[in-house]
1. Identify, from the list Val106, Val142, Val95, the residue that is open to solvent by 80 Å² or more (accessible area, probe 1.4 Å) and β-branched (Val, Ile, Thr).
2. Output the residues belonging to the range 1-45 that are of a type in the set (Phe, Trp, Tyr), open to solvent by 90 Å² or more (accessible area, probe 1.4 Å) and within 15 Å of the chain's Cα centre (by Cα).
3. Where residues in the range 145-191 are touching a Ser or Thr at 6+ places or on another chain (Cβ under 9 Å), of a type outside the set (Asp, Glu) and more than 21 Å from Ser49 (Cα to Cα), which of them is least open to solvent (accessible area, probe 1.4 Å)?
4. Considering only the range 68-93, state which residues are touching a residue at least 40 places away in the same chain (Cβ under 8 Å) and hydrophobic (A, V, I, L, M, F, W, C).
5. Scan the range 94-126 residue by residue and report those that are in contact (Cβ under 8 Å) with a residue 24 or more places away in the chain and under 18 Å from the mean Cα position of the chain (by Cα).
6. Tell me, please, whether a residue that is in a loop (DSSP other than H, G, I, E, B) and open to solvent by less than 30 Å² (accessible area, probe 1.4 Å) can be found in the range 81-92.
7. Every residue in the range 109-132 that is surrounded by fewer than 21 Cβ atoms within 10 Å (Cβ to Cβ) and either touching a Cys at 6+ places or on another chain (Cβ under 6 Å) or at pLDDT 95 or above (or both), please.
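The values are calculated or read from the model by the stated rules, or taken from the named source; none is laboratory data. Source: prediction; values computed, not measured. No Cβ is skipped: glycine too gets one built from the backbone with ideal geometry, and neighbour counts run over all protein chains shown. Each accessible area value is taken on the protein alone, full model and side chains, heavy atoms only, with ligands, DNA and RNA left out. Shrake-Rupley method; radii C 1.70, N 1.55, O 1.52, S 1.80 Å.
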Amino acid sequence: MKDDMSAIADLMFEIGLLKRYKRTGWLVAGVRDPESIAEHSFRTAVIASVIAAMEGADPERAAFLCLFHDSQETRIMDIPYVSKRYLTCPPNEEVTADQTRHLPEVVARMLSKAVGEYEEKTSLEAQCGRDADKLECLIQAVEYRDQGHGHMQPWIDSSLSALNTASAKRLADSILKTGSLDWMHTVIAGE
């Protein structure tokens, strides 16, 4: 049996895998070097905090939930949507329970609570987080499209159809009307 700090160290190394694991759906779309799961989770957390602020929810909690929303993928990988109809995966809460089995109770409870809240979608913060996950995919699809990758429309359409909060829907409309480098042109022009 490992001591508490060794178990936490193991978790930190395991979570580090998310920096190396690529988002597989983009491979299906022909993107040769897609974003990592960690890169996706980071921007998802930022988006969640923005949506939560606009919706009157707790931005810090929404961002926190998103930091762990794909942490299970260290064990089950990022399964492309097209593959999910052929596979049976355990619920994310079950994977998290396995990941946290040897952690100190206070840490295991914190992670399990965050994943459970996100998966249950009952809190406004979790709903903002779920919308942030879809918005991040939409933004990534727009960026890849702007870089010349074709076949991005299915990702854009599915992301749009999954949004629930009014703020996420308004933000999605703006994203679709904005080029991915428009912000830079504004900065260079000094506006």
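1. That would be Val106, the only listed residue that is open to solvent by 80 Å² or more (accessible area, probe 1.4 Å) and β-branched (Val, Ile, Thr).
2. Phe42, the sole residue that qualifies.
3. Arg145
4. Across the range 68-93, the qualifying residues are Phe68, Met77, Ile79, Val82.
5. Result: Thr96, Leu111, Ala114, Val115, Glu117, Tyr118, Glu119, Ser123, Leu124, Glu125, Ala126.
6. Scanning the range 81-92 turns up no residue that is in a loop (DSSP other than H, G, I, E, B) and open to solvent by less than 30 Å² (accessible area, probe 1.4 Å).
7. Arg109, Met110, Leu111, Ser112, Lys113, Gly116, Glu117, Glu119, Glu120, Lys121, Ser123, Leu124
Residue-wise test of (1) closer than 15 Å to Gln140 by Cβ; (2) not aliphatic (A, V, I, L, M).
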{"position": "Leu11", "(1), (2)": "no, no"}
{"position": "Asp33", "(1), (2)": "yes, yes"}
{"position": "Phe42", "(1), (2)": "yes, yes"}
{"position": "Arg75", "(1), (2)": "no, yes"}
{"position": "Thr88", "(1), (2)": "no, yes"}
